[in-house]
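This report refers to the structure that appears directly beneath it.
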Amino acid sequence: MEVKNRLSILMAERNIRSIAELQRMLEEIGRPVARRTLDRFYKNENNQIHYDTIADLCVVLDCQIGDLFVLEPVDKSK
């Protein structure tokens, strides 16, 4: 199993149309996050993310940590 995030789904549900918009929202609460970090997270290309970034995303997305992550089977055909 591997951990995947649901950032793109949560953004769509909340009508957040871009990473730039999400980044602005994080800056508005005083918690700026690098664009590259958000891009990689959005694309599920990261291996790690700081707990405070996860908490900040949950605040701006108005969700729980469990809403942001899911466990998926590993695709061994890749």
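Of the accessible area of the chain, with the probe set at 1.4 angstrom, what percent is carbon plus sulfur? List each step's numbers first, then the result.
On the way: 2590 of 5520 Å².
C and S fraction of accessible area: 47 percent.
Per residue, the solvent-accessible area of the chain (1.4 Å probe, heavy atoms of protein chains only, all protein chains present) comes to 71 Å². Mean sequence separation of contacting Cα pairs (under 8 Å, at least six apart), scaled by the length of the chain, corresponds to a relative contact order of 51 percent.
A Cβ-based charge dipole, computed about the Cα centre of the chain with Lys and Arg at +1 and Asp and Glu at -1, lands at about 300 debye. The modelled label-to-label distance between Arg24 and Thr37, using points 7 Å beyond Cα along the C-beta direction, is 2.0 nm. Against the chain, whose longest principal axis comes from its Cα atoms, helix 19-28 is set at around 50 degrees.
Sorted from longest to shortest, the spans of the Cα atoms of the stretch 1-57 along the three principal axes equal 35, 23, 18 Å. Cα axis of helix 51-61 to longest principal axis of the chain: angle in degrees, 0 to 90, nearest 10? Around 70 degrees separate the two axes.
Per-residue ellipticity at 222 nm, computed for the chain from helices alone with -39500 (n - 2.57) per DSSP H run of at least four residues, works out to -13500 deg cm²/dmol.
The values are calculated or read from the model by the stated rules, or taken from the named source; none is laboratory data. Here the structure is a predicted model, which means the values were calculated and not measured. Don't worry about glycine lacking a Cβ; one is built from the backbone with ideal geometry, like all the others, and counts go over all protein chains shown. For accessibility, only protein heavy atoms count, side chains too; no ligands or nucleic acids. Shrake-Rupley method; radii C 1.70, N 1.55, O 1.52, S 1.80 Å.
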